[in-house]
Each structure stands twice: as structure tokens, then as C-alpha cells.
Amino acid sequence: MSGLEWENQRVFLAVLRSGSLSGAAKLLGIAQATARRRLEALERSLDVSLFTRTPAGLTPTDPARRLIQHVEAMAIAAQAFNRMASAETDVEHGTVRITCGDLLGVEVLPGLLRDFHHRHPGLKLELSINDPLEDIARQQSDIAVRLVRPTEAEIVTRRVGALRVGLFASAECLARHGRPDSLEAVRRGPLIGPDRRSADLRRLVEAGLCEAHQPFAIATDNHLAQLAALKAGLGFGLCPSSIARAHGLIGILPDSFGFEIDVWLAMHNDLRRIRRIAKTFEVLSQALHEYL
């Protein structure tokens, strides 16, 4: 394995991600013939077959599946190396990768980054919208927006504010089911909540909204799907107040129920000297603070 070239491994990873040699070539910006030669060279070095051809494309073999975790880790390390090696003196070049959960990442972050993006059009912003969030301790991303304070070593954190979360419903939902006058009435109505994510259910129980065995009319762990269900009038549910107002949702029991979730911004300490990342961190910190 020590004699293998990274370029060959990049083709292997690209085929895994795209499912074909032509797709891998497009991802890497190389000719398909070049991608084929590099993949064949890798297979000769390993003395294994990495893919089998099927009607759906190239399917990884068992030996290939055992290598996936390792080649993905190498790709992450290479990306981190490139970001660290391109520490320009200004913020007009290079890439900043930001990771965030789905609800804030889709509903809030793009608008907060708009002015910064217009002022620095040469800077590439990568938004990784996923749960679980990418690991900033391993520099899979440069900056993270988190709803729990990061505790990893060598991580710089800043609390930028708190999301006020309350119960909401659409006008259509309230017209159909009536406006609940108590938490007990909310529990009896069509309630939107988590499916299998125990941490989310535990938060609802601790906030006094429901018991651990609460049946949900609409159950999904995806927060964007929960918001979509609220907007569609499928039931009562939790939502950050700022996002709910933007979509015309109506508050339920606003004077007696609600809670706050701290919002944290984090980055690896080593990235503070890279100006484009440090500048993005400061701009996003201020924008989130003002929004919250």
C-alpha cells in the first residue's frame, strides 16, 4: 500500500461516489481513459478487483468496501492540507467550508451570508448541510454552527445567541382542529415530533411538552420535514420563533410554553491565522448574533 499513488486512489473514490468511470472523470476533470488507466493501476497494485459492472453501473466489491473508510479519510486530510496551504493574505481567494444542521443551514445561513458573498465574490463558500455535523476537530470543515457547545480539544467556540423555540401551527390547522388552550390539548391534537432521534424526544420531555411514550401524528427526525408538515397544516409542532414568523405560522400558548437553545460558532484553533477563515468566522458570528 505504501507505493500507491494518491491520484489513483482519487479515481477509486470518485467512482465510488459517481457509480461510473465517466462520472468519476467529470468529478475529477480528467479524461475517461485516464480514469480507467488509474483505476486499473490501483487494482494491479492491490491485486484485487474493486468493481463489478452491473446494469446500474459499477458496484464496489467486498475488498473495495473495506477500503472506503480509509480513502474517505485520506480525501478529508488532503482537503484540510490544501486549505491550510492556501493561507492567502486576503479573503478574496480560496475556500471556506461551513457545516450546519439542516434547519438553520437552509432557512437562515444563506441569507446571513449574502452580503459577505457579494463583497468577496472570489471566495468560495461550501455549505455542508447535514446531521451529524462534520468533525471540525479533524478539520473536515472550517467553521461549524452548532446547537450544543463543542467540547473537542483545540476548538475555538463562541456563543452567538439563542434560538427561542415555541409551539406553532398554520391558520389552516387551527381552523380544522381549533386553538389548543393547554399543553394537554396540544398532546391530544395532531402533534408533529421526532421519529427515532432520542435526543430530540428527550428535549421535548424535559421541556414539558409530552411524555416519552407520546404518539405523534407526523413523526420525522428531519427538522426541515417537520417545518414542511407545519406549513402544510398537518399538526401542531415546535419551531424557532424567527423561522415560524417568516412562514406565517401562528404561535400556540406563547405565554406559557417555550424554551431557548444556545447557538455556538466553532472553528479549529489552527485556522485562526488563515485570514479568509477568520474573517468568515467573525462576519458569521456577528450576523448570527444580530439575527438571534
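Descriptive notes on the structure:
- For the chain, the longest principal axis of the Cα atoms and the long axis of helix 32-46 meet at an angle of about 80 degrees.
- For the chain, the solvent-accessible area with a 1.4 angstrom probe is 52 square angstrom per residue.
- Dimensions of the range 1-65 along the principal axes, based on C-alpha atoms and rounded to the nearest Å, stand at 31, 26, 16, largest first.
- Using the rule -39500 (n - 2.57) for each DSSP H run of four or more residues, divided by the residues of the chain, the 222 nm mean residue ellipticity is -13500 deg cm²/dmol.
- Alpha carbon convex hull of the range 192-234, projected area averaged over orientations, nm²: 2.8
- Under 17 Å from the Cα of residue 124 - lysines, other chains or at least 8 residues apart: 279
- Working from label points 7 Å from Cα in the Cα-to-Cβ sense, the residue 128 to residue 27 distance is 1.6 nm.
- Each listed q (0.08, 0.09, 0.14 Å⁻¹) maps to a log10 I(q)/I(0) for the chain, found by the Debye formula over equal Cα scatterers with no solvent: -0.49, -0.60, -1.06.
- Estimated FRET transfer efficiency (residue 181, residue 222; beta-carbon r; R0 30 Å; 0.05): 0.50
The values are calculated or read from the model by the stated rules, or taken from the named source; none is laboratory data. For clarity, every value in this text was computed on a predicted model and none was experimentally measured. All Cβ positions, glycine included, derive from the backbone under ideal geometry; neighbour counts span all protein chains shown. Surface areas here come from the heavy atoms of the whole protein model, side chains and all, with no ligands, DNA or RNA. Shrake-Rupley method; radii C 1.70, N 1.55, O 1.52, S 1.80 Å.
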